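As structure tokens, the structure follows; a few thoughts come after it.
The values are calculated or read from the model by the stated rules, or taken from the named source; none is laboratory data. Everything numeric in this text was worked out from a predicted model, so none of it was measured. Here the Cβ positions follow ideal geometry from the backbone for every residue, glycine too, while neighbour counts run over all protein chains shown. Just the protein is used for accessible areas: all its heavy atoms, side chains included, with ligands, DNA and RNA removed. Shrake-Rupley method; radii C 1.70, N 1.55, O 1.52, S 1.80 Å.
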Amino acid sequence: MTERNLELLDILKDINKKLGEIKYNLKDIKNNLPKVPYYGDLLEDIARANKNINK
């Protein structure tokens, strides 16, 4: 391999390592986000609450 190829290989390995770190950082961020109900569940809850108010 030429020196240029080795340099490129080192850069690609570094990018791969950083992508792995980003993956785990995104997972941590996702786990720290508040849980939001699904849109359909939210609509059902609103409809149920509306029926209870009208009773």
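Structural remarks
- FRET efficiency, 1/(1 + (r/R0)^6) with R0 35 Å, evaluated for TYR24 and GLU44 via beta carbons: 0.50
- Measure of compaction for the chain (Cα Rg per 2.2 N^0.38 Å): 2.42
- Burial ranking of peptide ranges 11-17, 29-35 (average Cβ count within 10 Å, highest at the top): 11-17, 29-35
- Spatially proximal aspartates and glutamates relative to LYS35 (Cα-Cα < 18 Å; intrachain offsets below 8 disregarded): GLU44, ASP45
- A 1.4 Å probe run over the chain, with the rest of the protein chains in place, finds 105 Å² accessible per residue.
- Derived scalar couplings ³J(HN,Hα) [the range 8-16; Karplus, 6.51 cos²θ - 1.76 cosθ + 1.60; whole Hz; x for Gly, Pro]: 5, 4, 4, 5, 5, 5, 5, 4, 4
- Straight-line cross-link reach from LYS13 at under 24 Å between alpha-carbon atoms covers these lysines, not counting any fewer than eight positions away in the same chain: LYS23, LYS27.
- In order through the range 46-54: 3J(HN,Hα) via Karplus (6.51 cos²θ - 1.76 cosθ + 1.60), integer Hz, x for Gly, Pro: 5, 5, 5, 5, 5, 5, 5, 5, 6
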